[in-house]
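Some notes on the structure that comes next.
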Amino acid sequence: MFLGKRVKRLSVALLIYVATGPLVHAACTIDRVSLKSGASEVGFTVEVAQSDQERAVGLMNRKSMPKSSGMLFVFPSSGPVSFWMRNTYIPLDMIFLDDRGIVKKVHEAAVPLDETPIYGGNDIKLVLEINAGLAKRYRISTGSLLQHPLVGHNAAWPCH
């Protein structure tokens with residue numbers, strides 16, 4: 001009888017792992033980020049800008065971006081970060097994160113073509129740009145967590 005209950009529990013655990021495992025792993029691909037605020041989660045398909053050239057160009061000269069898409073800027077080390085909207089036609093929400101993937105600041109609705117610097121903070125490692133209004137819609141705010149393989153081993157919400 002004891003062995004039967006144990007096998008049953010292991011079977012249920014295996015079934016849960018098999019059923020949910022791919023969902024967890026799907027979020028941890030280079031072209032996808034997930035954000036968590038409280039009990040809600042949202043995901044975006046992203047382009048990753050890691051090199052100096054990729055970060056310099058960003059989303060410039062684009063006229064639109066699909067709603068569930070964005071660009072993730074990854075810096076080699078944490079530091080002070082400012083962005084602007086030079087040659088950027090899409091209104092954007094800019095989400096500034098530390099090296100653990102914790103949101104430190106959200107700048108909503110950056111004005112297209114505005115060259116005024118948007119300061120994100122001192123210890124910023126990542127910046128996620130998404131279409132304007134989505135940060136508010138999905139309740140992305142200071143303290144929200146980002147999951148992505150480039151956040152690193154120190155992630156507040158690690159990939160599994």
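The values are calculated or read from the model by the stated rules, or taken from the named source; none is laboratory data. Model, not experiment: these values are computed from the prediction. With ideal geometry, Cβ positions are generated from the backbone for all residues, glycine too; neighbour counts draw on all protein chains shown.
Using the structure shown, decide if residue 92 is hydrophobic (A, V, I, L, M, F, W, C), within 15 Å of residue 146 (Cβ to Cβ) and touching a residue at least 40 places away in the same chain (Cβ under 8 Å). Give the derivation first.
Numbers: hydrophobic (A, V, I, L, M, F, W, C): yes; within 15 Å of residue 146 (Cβ to Cβ): no; touching a residue at least 40 places away in the same chain (Cβ under 8 Å): yes.
It is false that residue 92 is hydrophobic (A, V, I, L, M, F, W, C), within 15 Å of residue 146 (Cβ to Cβ) and touching a residue at least 40 places away in the same chain (Cβ under 8 Å).
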Under the condition of being loosely packed, with under 15 Cβ neighbours inside 10 Å and hydrophobic (A, V, I, L, M, F, W, C), which residue from segment 109-126 is nearest to residue 99 (Cα to Cα)? 109
Of the residues that sit in segment 90-143 and are touching an Asp or Glu at 6+ places or on another chain (Cβ under 6 Å) and part of a strand (DSSP E or B), which one is nearest to residue 76 (Cα to Cα)? 125
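Results for (1) within 17 Å of residue 41 (Cβ to Cβ); (2) in the same structural domain as residue 41 (by TED's automatic domain parsing), shown as yes or no for each residue.
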position	(1), (2)
67	yes, yes
71	no, yes
74	no, yes
121	no, yes
158	yes, no
